[in-house]
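Take a look at the structure below.
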Amino acid sequence: MTLLNKNTESEFAAERAFVKSYLDKVPGKCAVSDDKTDELKKKISMLLHERNAVLVAHYYTDALLQSLAEETGGFVADSLEMARFGNQSEAQTIVVAGVKFMGETAKILNPEKTILMPTLEATCSLDIGCPADTFASFCDAHPDHEVVVYANTSAEVKARADWVVTSAIALDVVEHLIAEGKSVIWAPDKHLGNYIQKKTGAENMLIWDGACIVHEEFKTRALDTMRHLYPDAAILAHPESPMAILEQADVVGSTTQIIKAACERPEKTFIVATDAGIFYKMQQLAPDKEFILAPTAGEGATCRSCAQCPWMGMNTLESLYDSLLNGSNEIHVDPSLCEKAMVPLQRMLDFRQSQQDA
Ligand code: SF4
């Protein structure tokens, strides 16, 4: 872990006060449902049943959507596990509460099924920041590099890649490629790319300049101060966070990996550097522990996200209900594009299977 320098004790005290005031404003607990919400949830449950549909929700969506997914036989997970669940489910329609690339991934893995989303407006700064044509030109300019892209990309970008990976497996895949003597293009998250490069010591790794607007907001100095306020807490960080945050973390991992760490580690308090939506699952699986958001306020703060993805937040009970009622917001991916994008996705799935078999 890296400790930042402090100038004077008084400066330190002022920072502690600042972080404390920030903490007072952060909603630490999930929303509680009221009567109106319950009525909407009942209507959605009936529609899911009538339409032979299943709801899968990402960890970053509203707690109400996550609980509804679980109550109706659906699933709450990271993007890949959401798509895999849809593949194994007998339901003909999969309703994806998340952002657009997640709906597209579900379609690529389940081309014969209907994929609906509460909104098609919900996107991701990583996806937006990696346009398919520019990225293809970049890859074409470096034909000797293996192209590894993160799941947070469009179907077109996936189709151009040799590998599609999630944060849970990215490090292992790049390690494997480096061991084979290959050079790597990594896209689009620069922070995750820098983390992988540091961990693997990979030379000749070309890293695309994209970032997640949520994770990029975490503030190093304020986090350091928070650690002094909670000396017994462990810091859990998603690798989309800047390197200076990751260097302070006790655990760096995907959403699934940091949830697991929260359950298994002995600490009772955790400072969490990822989207606040993850608290629903953490509190459910470790109700005796305390979870605190890592600070997004402080010097240089823009508070564009405040640890809550604005696009994930576009998934509401109302928009979910409308989508199911009208069959609206269906995801379409050209079948030939699905086939091409399936190749690097399948490569990752096979790689993971071979790890589990070993
Ligand atoms: S939290 Fe970040 S990576 Fe996830 S969907 Fe939002 S912008 Fe994209």
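The values are calculated or read from the model by the stated rules, or taken from the named source; none is laboratory data. As the structure is a prediction and not an experimental result, all values here were calculated from the model. No Cβ is skipped: glycine too gets one built from the backbone with ideal geometry, and neighbour counts run over all protein chains shown.
Tell me yes or no: at least one residue of segment 321-330 is more than 16 Å from the ligand (Cβ to nearest atom), on the phi < 0 side of the Ramachandran plot, hydroxyl-bearing (Ser, Thr, Tyr) and in a loop (DSSP other than H, G, I, E, B).
yes
Being at pLDDT below 95, loosely packed, with under 14 Cβ neighbours inside 10 Å and small (Gly, Ala, Ser), is that true of even one residue in segment 323-341?
No: segment 323-341 contains no residue that is at pLDDT below 95, loosely packed, with under 14 Cβ neighbours inside 10 Å and small (Gly, Ala, Ser).
Looking only at residues in segment 109-161 that are part of a helix (DSSP H, G or I) and hydroxyl-bearing (Ser, Thr, Tyr), which one is farthest from the ligand (Cβ to nearest atom)?
Ser137
Per-residue answers, yes or no, for (1) at pLDDT 95 or above; (2) more than 16 Å from the ligand (Cβ to nearest atom); (3) outside any loop (DSSP other than H, G, I, E, B):
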position: Leu206; (1), (2), (3): yes, yes, yes
position: Cys212; (1), (2), (3): no, no, no
position: Glu216; (1), (2), (3): no, no, yes
position: Leu223; (1), (2), (3): no, yes, yes
position: His228; (1), (2), (3): no, yes, yes
position: Ile235; (1), (2), (3): yes, yes, yes
position: Ala244; (1), (2), (3): no, yes, yes
position: Ala249; (1), (2), (3): yes, yes, no
position: Thr256; (1), (2), (3): no, no, yes
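Considering only residues of segment 224-234 that are hydrophobic (A, V, I, L, M, F, W, C) and surrounded by fewer than 24 Cβ atoms within 10 Å (Cβ to Cβ), which is farthest from Trp186 (Cα to Cα)?
Applying the filter and picking the extreme gives Leu229.
Collect the residues in segment 66-108 that are of a type in the set (A, V, I, L, M, F, W, C), within 16 Å of Thr166 (Cβ to Cβ) and in a helix (DSSP H, G or I), keeping them in residue-number order.
Result: Leu80, Met82, Ala83, Phe85, Phe101, Met102, Ala106, Ile108.
Among the residues that make up segment 292-313, is at least one of them away from the ligand (no atom under 16 Å from the Cβ), of a type in the set (D, E, K, R), outside any helix (DSSP H, G or I) and modelled with pLDDT under 95?
yes
Failed condition for Gly277, given (1) assigned to a strand (DSSP E or B); (2) within 16 Å of the ligand (Cβ to nearest atom), with all others met?
The single condition Gly277 does not satisfy is (1).
Going through segment 58-96 one residue at a time, which ones are in contact with a Gly (Cβ under 9 Å, 6 or more places away or on another chain), under 18 Å from Lys260 (Cα atoms) and either crowded, with 24+ Cβ neighbours inside 10 Å or β-branched (Val, Ile, Thr) (or both)?
Across segment 58-96, the qualifying residues are His58, Tyr59, Tyr60, Gln66, Ser79, Met82.
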